[in-house]
Protein chains: 4
Amino acid sequence: MSDHNMNECIDNCIKCAVVCVETVKHCLTKGGQHASPEHIGLLQTCADICTVSANAMLRGIEGHKVTCGACAEICRQCAEACERMGDDEAMRRCAEACRRCAESCAQMASM
Amino acid sequence: MSDHNMNECIDNCIKCAVVCVETVKHCLTKGGQHASPEHIGLLQTCADICTVSANAMLRGIEGHKVTCGACAEICRQCAEACERMGDDEAMRRCAEACRRCAESCAQMASM
Amino acid sequence: MSDHNMNECIDNCIKCAVVCVETVKHCLTKGGQHASPEHIGLLQTCADICTVSANAMLRGIEGHKVTCGACAEICRQCAEACERMGDDEAMRRCAEACRRCAESCAQMASM
Amino acid sequence: MSDHNMNECIDNCIKCAVVCVETVKHCLTKGGQHASPEHIGLLQTCADICTVSANAMLRGIEGHKVTCGACAEICRQCAEACERMGDDEAMRRCAEACRRCAESCAQMASM
């Protein structure tokens, strides 16, 4: 694993955390299924684990593989949930940030 | 999985997070290998993932299985690191809180 | 300020953080004004600052006065918001946890 | 307050949080006074409150003024602590990120 890959992963985690918190606000404004406890809870937990993983990598600890593995899986779940919500620019943007983060975190977890 | 087990796991996560943050302070006061970037970083990351897992369970989301799985593994690593530090009441106390949290999180992750 | 007071404040912060995250779930289930971006965002931010303040006290840093001052004010805002939501056991429980945390944090901030 | 100013403040908070976590690692590697419980604890708490403030702004809640006010003060304390550590590129970098964040957070808090 190169430093370049880790820096990119840290960046993807931070961006995903920001987009997930913004998407919570968007989904609460929309209401309905967008504002279900499961969807809002998943978005906030995705933001949380992204921040934890970014910090584990910034600290340079071995355990970053574990947090990145969990982050990849939560990001995948969050992307799927956003995609299921259907045709909405904000959901698409969130799903994309989650997919990008999931990919680089899965890569970090496997090295 | 009963509500009782989940409530106990939430409690174990919160207690482990508190003990890990206290242990950071203890280890910085001791210095030497106790204050290495790897050990301090692992303790703080353990506190962080414990808080994330407790919150995922409090939110009642499915994704708590993923965060609890990662929490169990980080807690195991943290317990081992504290045990390797050897004969010290504070390290023993931290290792115990981590072991207890790891056990109940592993149980939550598998259900 | 005695150690006893600080330990009690740490405990109040942790309990308030837990109750706020539970109340987010409750409010999302109720919907309507309970699930507004402002109310859900305030509850989650209250949980966040409570955790930060508890950790600052556990770390024993001088800066805990600043985080406790902010925590007291956010807890007051959150208690008022919950009281405005009116007749609901869960909102009363959250308001009480916020009031108790606000009082002890205000005390810590002034010492 | 314009959206531009808030976006810039969010960005400064996120950058400051990243630099503070990196600086913890740097200070632990250096050891001595750099690795004191007070200094490491302040750096980590600065990262924490920066993240809380960024999220409060992303959520669009009124309470962001309170978290930004506390963030500005913790960032000032952290900048001073880093400057007192003296002649070191990493401490200067951290102090600069803290000063920049303190300025924009103070502005957000006063509006």
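Dipole size in debye (nearest 20) for region A:3-109 around its Cα centre, Lys and Arg Cβ +1, Asp and Glu Cβ -1?
Dipole magnitude for region A:3-109 comes out near 120 debye.
Are there GluC sites (Glu not before Pro) in region C:52-111 that DSSP puts in a loop and that have at most 15 other Cβ atoms within 10 Å, and which ones?
Passing both the DSSP loop test and the Cβ count: C:Glu62.
Can you give me the C-alpha center-to-center distance between region A:41-64 and region D:1-41, rounded to a whole angstrom?
Value for the Cα centre distance between the two parts: 16 Å.
In nm to one decimal, list the spacings between the D:Asn5 label point and its equivalents in the other copies, with label points set 7 Å along Cα to Cβ, shortest first.
3.6, 4.4, 5.3
Roughly how large is the B-A contact in terms of buried accessible area, totalled over both chains, probe 1.4 Å, nearest 100 Å²?
Approximately 1700 Å² gets buried when B meets A.
Any idea of the accessible area per residue across the protein assembly as shown, 1.4 Å probe, to the nearest Å²?
Ligands and nucleic acids excluded, the result is 39 Å² per residue.
In region C:3-109, how does Rg compare with the Kirkwood Rh, expressed as the Rg/Rh ratio over alpha carbon atoms?
Answer for region C:3-109: 0.99.
Among the trypsin sites (Lys or Arg not before Pro) within region B:39-83, which fall in a DSSP loop and have no more than 10 other Cβ atoms within 10 Å of their own Cβ?
Hits after loop and neighbour filter: nothing returned.
Can you show me the helix-derived [θ] at 222 nm for chain B, built from DSSP H runs with n ≥ 4 at -39,500 (n - 2.57) apiece and divided by the number of residues, rounded to the nearest 500.
Estimated from H runs of four or more residues: -29500 deg cm²/dmol.
Sort shortest first the distances from A:Arg92 to its counterpart in every other copy, using label points 7 Å along the Cα-to-beta-carbon line, and give them in nm.
4.7, 4.9, 6.1
With θ set to phi - 60° and the Karplus curve 6.51 cos²θ - 1.76 cosθ + 1.60, what are the ³J(HN,Hα) couplings of region D:106-111 in order, to the nearest whole Hz, using x for Gly and Pro?
For region D:106-111, the Karplus-derived couplings read 4, 5, 5, 5, 8, 9 Hz, x marking Gly and Pro.
Could you tell me whether the protein assembly as shown comes out rounded, prolate or oblate from its Cα gyration tensor? Rule is a ≥ b ≥ c as square roots of the eigenvalues, rounded for a/c under 1.5, then prolate if a/b exceeds b/c, otherwise oblate.
Because its axes are fairly even, with a/c under 1.5, the protein assembly as shown counts as rounded.
Measure nothing fancy, just the Cα-based angle from helix C:64-84's long axis to the longest principal axis of chain C, in degrees from 0 to 90, nearest 10.
The two axes meet at around 20 degrees.
Quick check for you: which residues of region B:68-87 have the amide N under 14 Å from the point 7 Å beyond the Cα of B:Glu103 toward its beta carbon?
Answer for this model: B:76.
Keeping the other protein chains in place, figure out the carbon and sulfur percent of the accessible area of the protein assembly as shown, with a 1.4 Å probe.
Within the protein assembly as shown, the accessible surface is 48 percent carbon and sulfur.
In whole Hz, with x marking every Gly and Pro, tabulate ³J(HN,Hα) for region D:12-23 from phi via Karplus 6.51 cos²θ - 1.76 cosθ + 1.60, θ = phi - 60°.
Taking θ as phi minus 60°, the curve returns 5, 5, 5, 5, 5, 4, 4, 5, 5, 5, 4, 6 Hz for region D:12-23.
The values are calculated or read from the model by the stated rules, or taken from the named source; none is laboratory data. Values in this document were obtained by computation on a predicted structure and should not be read as measured data. Here the Cβ is made from the backbone with ideal geometry for all residues, glycine too, and neighbour counts use every protein chain on show. Accessible surface is based on the protein model in full, side chains and every heavy atom, while ligands, DNA and RNA are left aside. Shrake-Rupley method; radii C 1.70, N 1.55, O 1.52, S 1.80 Å.
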